[in-house]
Every structure is written in C-alpha cells, then in structure tokens.
Amino acid sequence: MRKILITGAAGFIGSSLADRLLSRGDCVIGIDDFNDYYDPSVKRDNIAKAAQHPNWRLYEMDICDEQAVRDVFGKERPDVVVHLAARAGVRPSLKDPNLYNRVNVIGSQHILDACRDFRPSHLVFASSSSVYGGSTRVPFSEEDPVMTPISPYAATKRMNELQGHVYSHIYGLNVTMLRFFTVYGPRQRPDMAIHKFIRLIDREKPVPMFGDGSTQRDYTFIDDILDGLEKAIDKPFRYEIFNLGESRTTTLLDLIRLIERALGKKALIEQQPLQPGDVSITYANIDKARELLGYAPKYSMEEGIEKTVAWYLSRQVSTD
C-alpha cells in the first residue's frame, strides 16, 4: 500500500482519481479547500464514496496556507504527490488574474517546497493544453515552443511547468507534468461546456455558441485521463511533460449535435461572438505519452458523451 496525496481531491478529476486509487488498494490523502468557484456541495457529493473508505483521509485547507501544507506533509509523509489543485478556467482568469496567480503559482510553490523538504518519490503535476496558446501548428507536441499564452490561466500553468523544472534540476525532485486536453465525463464541473450544454439542452434553454461553431477541441474522457494519471503515478521520471488527450478533434457544432442525439432533444442555439482568451483549436500529439507512459485512450466522443449524459440523467432522477 502506497500513500498518495492528492491536492484538489474533491474536484472532478481529483475525486475520480481518489476512487480509482482506493479501489486498487492505495491510501489516499486528500487536500481541498471547498472554495466557492462552484457549489461546494457538488464537491461534497464527489467524495461521498471515498469518505466511506478506511484508507481515505481529508484535510480541508488552502494550499496558499504554507504552514498548513507543511503540517500535512510532515504528518502524512506521502510516497507520491498528485497536484491537481488550481483555479481553473480561461475566461474567469481574465476577471481576476491576481487570484489565479496566488493560487496557481504561489500555492503550487508551497507544494513544491514541501516536496523538496519531505521527499516523496515523485510529484505528478497537472498542467493544461492552454499553454499552447493560439498555436495553429497541429497536432500540439511537447517539443513545440510555448512562449505565447493568451490568458492569465494559461500563463500560470506554463509557470507551473517552469517551477517544476527548477525543482527537478536544483533539488533532484522527480516531476511529471501532464498537459490535460479538455477533460469531460461524470462529475465534470457544472461551468464547463459539455456539462453546461447537457443541462441547457435538457431543460430546453438557449445554448450559447461562441463563434460559428467551427472551433475545435481535443475532448478527453475522464477514464482515459485517469489511466494516464495512474501510469504517471506508477512510473516516476526526473522531469517530463506529457500531453494527455484523445488525439482527435470535434467542432463545437458537432459536440452540440452529439449531445442532442444522446438526450433526444434539439438545442436552441444562441450564437455569440468569440470570447477573449479562446483558441480556435486544441489537438494533442500523444506519441510521447504512448511510448513512455503506455498511455492509450479508449473512448470515442460518441461513447464519452453517452456516458456523460447517462450520468447527468441519473442525477436528475436521484434529486427529483
């Protein structure tokens, strides 16, 4: 049994990872501050299953509290750290860049310092496809230059990659950075496009479509991301960056059509201008992750959307 510490453990990806690790026999230490970016009760629901497990422990705290971070690391002495906690979202970062810098950069600095001093075997760190900025050189490769982020959120995630490299180089910390490409599936945050579109189409309310529907995203189903995370947890590297995506793209308009089909309802589309910070395409080259991690995504968009809609509908039944 290994002791794995997850920051952001009550979120979409964190709680899903916690359940998977607990089911395979690991001890999971969760950190989450249950902030109000979205309804904290959603996060409580996310960890309801984990909370029943004897190998789960939760610390409700903010990673910006340096002493609290050090206290948890000193008490628990984790074998592996998975750092997922962050302020997420491109558009909200434009409204409050100072908050994003404080949480994503300074908070992450506290996690890195604790790893330096308490020496887990390695740190798995969540980055984002947003670091590629408005690049049109597709598919995106880890070898591409990433010097032109176009949102405060993207800038903080690139800074995280640089922070991780410094600590690997100077202190010998093993760091694996994972660039996630638009993760979706059960427990997805309610503000994210797929969850939001499902909810609006189901309730027969207007769906905001930014632009003409031609923007493309490399949507990645949660189970495939969990596979990649699990492999990164089990195989340390001195310092590596990996894209985790499906390596295929779906236009915004096609995404809406897939949700319509899965729900059996038509969308009331409300076309709006493109938003600042949005990019025209994300598209992952996953050759490196295939070769070094053994990462092999399995879910098509059709399968993933059907599973996500089924989860959403099951929640509506349970709350009626």
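Rule-based calculations on the coordinates, nothing more; no lab input. Predicted model, so just to flag it, every value in this text is computed and none were measured. Cβ placement follows ideal geometry from the backbone for every residue including glycine, while neighbour counts extend to all protein chains displayed.
Worth a mention:
- What the Kirkwood sum gives for the chain is a hydrodynamic radius of 19.9 Å, with every pair of different alpha carbons counted.
- Principal-axis tilt of helix 108-118 within the chain, Cα atoms, nearest 10 degrees: 30
- F118/R238 FRET efficiency (R0 25 Å; Cβ-Cβ; nearest 0.05): 0.85
- Only Cα sites of region 145-254 enter the Debye sum here, all with the same form factor; the resulting log10 I(q)/I(0) across q = 0.10, 0.12, 0.14, 0.18 1/Å is -0.40, -0.56, -0.74, -1.07, listed in q order.
- Charge dipole of region 276-320 (Cα centre as origin; +1 on each Lys and Arg Cβ, -1 on each Asp and Glu Cβ, all else neutral): 160 debye, rounded to the nearest 20.
- E302 paired with R77, simple spin-label distance in nm, labels 7 Å along Cα-to-beta-carbon: 5.3
- The spacing between region 25-47 and region 91-150, judged by their C-alpha centroids, is 21 Å.
- Cα gyration tensor category, rounded, prolate or oblate, for region 1-55 with a/c compared to 1.5: prolate
- Relative to the dominant Cα principal axis of the chain, helix 193-202 is inclined by about 40°.
- Placed amide H near Y239: partners under 5 Å, 5+ positions off or other chain: V175
- Computed label-point distance, nm, for sites R91 and L313 using a 7 Å Cα→Cβ extension: 2.7
- Region 3-9 - phi-based ³J(HN,Hα) in whole Hz, Karplus 6.51/-1.76/1.60, Gly and Pro as x: 9, 10, 9, 10, 8, x, 6
- Tilt relative to the chain, helix 252-263 - C-alpha long axis, 0 to 90 degrees, to 10: 80
- Counting only DSSP beta bridges with both residues in the chain, the antiparallel share comes to about 5 percent.
- Spin-label model, D65 to V42: label points 7 Å out along the Cα-to-beta-carbon direction sit 2.4 nm apart.
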